[in-house]
Amino acid sequence: MHSRYAVLAGCAKKHGFMQKSILDFYRFLSSAQGGFWTGDEICIIPHGMSIPGIKQVLYRLFKNGIEQLLLYFCGTEQDIRTLRGFTYGGNEINLADVSDICPSQITIFDSCNHLYSPEETTLFLESVPVTGTSPAENNRQWVNIPRTAFFTGCRTGDSPVLMPDGGGVYTESLLAFLESGEYGIDFSAADRSARFVCATAQVTADISAVDVDCLGVKGC
């Protein structure tokens, strides 16, 4: 049994399709910058899972003594951050129910509407190098992570910010920071950087919305 595990839970609306952000996260984890995670250490759920199903998976991981866990939930434009956690496919996930599974755990919430077709997904996965891990290779470790950490780019009551092509602003910014890091994998620093990018993108979107609303309105 592996000591670390990642669950990449997507919510693609079309059968056989997959969200770009899910694939981007998979490629990052498989890379040298991400720590050379193998396919056996990563579980991809492309079309959503019930809350009881998620709890069952986490319970099995807890019983198996996982030491390091990454949970990445990628919803749609309709999902939001809530007071207790966030919604995933319209169903609320309480952070208290998915936390403290192991000594080191990260939970991330974002959204993505950019879908890859089955053919595009196959080509993408084939382009990801197949790697093995060894203590010498896996020299990039998580740093500055408490027992349980939750990261997202939106405020309570808001949906994650999306790019014009439907991709998740937070995920793309988070991974860009992590891939450029020289010392370890600092999710806390990457989160601060990604949240700043999201806040900037949200302000830009709000200004654009006002400009559209004001078209043809005298004195607006």
Checklist outcome for this item: Picking from T82, T87, the residue that is closer than 20 Å to Y170 by Cα, at pLDDT 95 or above and within 14 Å of the chain's Cα centre (by Cα) would be T87
Checklist entry - From the list P146, P135, P160, which residue is modelled with pLDDT of 95 or more, within 21 Å of A6 (Cβ to Cβ) and in a loop (DSSP other than H, G, I, E, B)? => result P160
Checklist entry - Does F151 satisfy being at pLDDT 95 or above, open to solvent by less than 30 Å² (accessible area, probe 1.4 Å) and either of a type in the set (F, W, Y) or assigned to a strand (DSSP E or B) (or both)? => result yes
Item to check | Selection within segment 144-202 - aromatic (F, W, Y) and in contact (Cβ under 8 Å) with a residue 24 or more places away in the chain | outcome: F150, F151, Y170, Y183, F187
Checklist entry - For residues in segment 34-73 being under 16 Å from the mean Cα position of the chain (by Cα) and open to solvent by 50 Å² or more (accessible area, probe 1.4 Å), which is nearest to C102 (Cα to Cα)? => result I44
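Could you check segment 74-90 and list, in sequence order, the residues that are under 20 Å from L162 (Cα atoms), open to solvent by 30 Å² or more (accessible area, probe 1.4 Å) and in contact (Cβ under 8 Å) with a residue 24 or more places away in the chain? So that I can check it myself, show each step before the final result.
Taking segment 74-90 as the starting set, the residues that turn out to be under 20 Å from L162 (Cα atoms) are 74-82, 85-90.
Adding the requirement that they be open to solvent by 30 Å² or more (accessible area, probe 1.4 Å) leaves 77-78, 80-81, 89-90.
If the condition is that a residue be under 20 Å from L162 (Cα atoms), open to solvent by 30 Å² or more (accessible area, probe 1.4 Å) and in contact (Cβ under 8 Å) with a residue 24 or more places away in the chain, then E77, Q78, I80, R81, G89 are the ones that fit.
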Next on the checklist: Need pairs with beta-carbon distance below 7 Å; first residue closer than 11 Å to G89 by Cβ and in a helix (DSSP H, G or I) and within segment 47-66, second open to solvent by 50 Å² or more (accessible area, probe 1.4 Å) and modelled with pLDDT of 90 or more; sequence gap 6+ or separate chains.
Outcome noted: I51/N91
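Can you tell me which residues in segment 1-33 are part of a loop (DSSP other than H, G, I, E, B) and either without any contact (Cβ under 8 Å) to a residue 40 or more places away in the chain or crowded, with 20+ Cβ neighbours inside 10 Å (or both)?
Restricting attention to segment 1-33, the residues satisfying the condition of being part of a loop (DSSP other than H, G, I, E, B) are 1-3, 10, 12-17, 31-33.
G10, A12, H15, listed by residue number.
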Checklist outcome for this item: Subset of segment 166-190, residues in a loop (DSSP other than H, G, I, E, B), in contact with a helix residue (DSSP H, G or I) (Cβ under 8 Å, 6 or more places away or on another chain) and either open to solvent by 30 Å² or more (accessible area, probe 1.4 Å) or closer than 18 Å to W142 by Cα (or both), comes to G181, D186
Checklist entry - Only one of S30, S21, S3 is under 12 Å from the mean Cα position of the chain (by Cα) and of a type outside the set (A, V, I, L, M, F, W, C); which? => result S21
Checklist entry - Can you tell me which residues in segment 34-46 are farther than 13 Å from F73 by Cα and either in a loop (DSSP other than H, G, I, E, B) or touching an Asp or Glu at 6+ places or on another chain (Cβ under 6 Å) (or both)? => result G34, G35, F36, W37, T38
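The values are calculated or read from the model by the stated rules, or taken from the named source; none is laboratory data. Bear in mind the structure is a predicted one, so any value in this text is a computation, not a measurement. When we count neighbours, we look across all protein chains shown, and the Cβ atoms used for this are built from the backbone with ideal geometry, even at glycine. Surface areas here come from the heavy atoms of the whole protein model, side chains and all, with no ligands, DNA or RNA. Shrake-Rupley method; radii C 1.70, N 1.55, O 1.52, S 1.80 Å.
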